[in-house]
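See structure below.
All of the numbers you see were taken from the coordinates with simple rules; none came from a lab. For clarity, every value in this text was computed on a predicted model and none was experimentally measured. Counting neighbours? That spans all protein chains shown, and the Cβs are built from the backbone with ideal geometry, glycine included.
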Amino acid sequence: MSNKEILSVSEGEILDIEIEEDLLKANRELASANRKILDSCNVKSINVMGSIGSGKTSIIQWLIKELKNKYRIAVIAGDVTTDIDAERVREAGAKSIQINTGRGCHLDALMIRKAVKKLDLKQIDLLFIENVGNLICPADFPLGTHINMVVVSVTEGPYMIIKHPFIVKEANVVVINKIDLADQMEVEIDKLVDDAKKINPLTKTVATSVKENMGLKSLINALEL
Ligand SMILES: Nc1nc2c(ncn2[C@@H]2O[C@H](COP(=O)(O)OP(=O)(O)OP(=O)(O)O)[C@@H](O)[C@H]2O)c(=O)[nH]1
Ligand SMILES: [Mg+2]
């Protein structure tokens, strides 16, 4: 008996793969159309991805408070069911639109196209898009943004970057947040930075603590804002 197990792919599975490829292709085309629309209105856009509770909204609020006198800022907030995050960024001083994805684990380019139609882009300089908290699905669905930022938190432990190479490969900026808790979590920031650079040598890394107000200037530099 062979020690290799051969898995056969049924016709149904081939169809599934073809449908998935078509879906990803359609998303990429819509993403490029989104980019053209944003570019035509001189709106710089940032796709903020990261796991649940890593600090995505806190970081967006922090940036809004620091930058709202320099840029006209809007946020598209993706969430499964609530509009809590849209309200939080509105309170910080930005226009906001909530997208509820229901059971969906990521935003896609069509959702952004529809949300962008509700914004007066001529009145906006900077658009944050907070993706659904998840380190897997958003990696496959570009939105057409200029910058992809991934927020991880030290509270997720020492292996969260090395275990999620696909999203790190897509990231222009990796933010390691909640560094105020690094000692309690016994997580070494330098090791996380090395992990990110090994996966994506071109990505920029920034260590932050929103709670202790650490790393804001470095983050603004990394985002070229
Ligand atoms: N200690 C500490 N807590 C933080 C920091 N940043 C955010 N938090 C807290 O972490 C929790 C989650 O923050 P959010 O900004 O809501 O995280 P999120 O990634 O937007 O969460 P979801 O949208 O639910 O996925 C909140 O209680 C924040 O106050 C930080 O730097 N240090
Ligand atoms: Mg949030």
> What is the gain in length, in nm to one decimal, between K65 and N213 on full extension, counting 0.36 nm per residue of separation less the C-alpha to C-alpha distance?
Replying inline: 52.1 nm
> Points 7 angstrom from Cα along the Cβ direction at E186 and E18: gap in nanometres?
Replying inline: 5.3
> What is the distance, in nm, between label points placed 7 Å from the Cα along the Cα-to-Cβ direction at N100 and at K198?
Replying inline: 4.3
> I52 to H146: extension gain in nm, 0.36 nm per residue of separation minus the Cα-Cα distance?
Replying inline: 31.6 nm
>> Modelling each spin label as a point 7 Å along the Cα-to-Cβ direction, I'd like the R72/N221 distance in nm, to one decimal.
In response: 3.1
> lysines near K70 by alpha-carbon distance under 27 Å, same-chain residues fewer than 8 away left out - which ones?
Replying inline: K36, K44, K56, K95, K114, K117, K118, K122, K178, K204, K211, K217
> What residues qualify as long-range amide H neighbours of M214, i.e. H under 5 Å apart, gap of 5 or more or another chain, H built at 1.01 Å from N?
Replying inline: S209
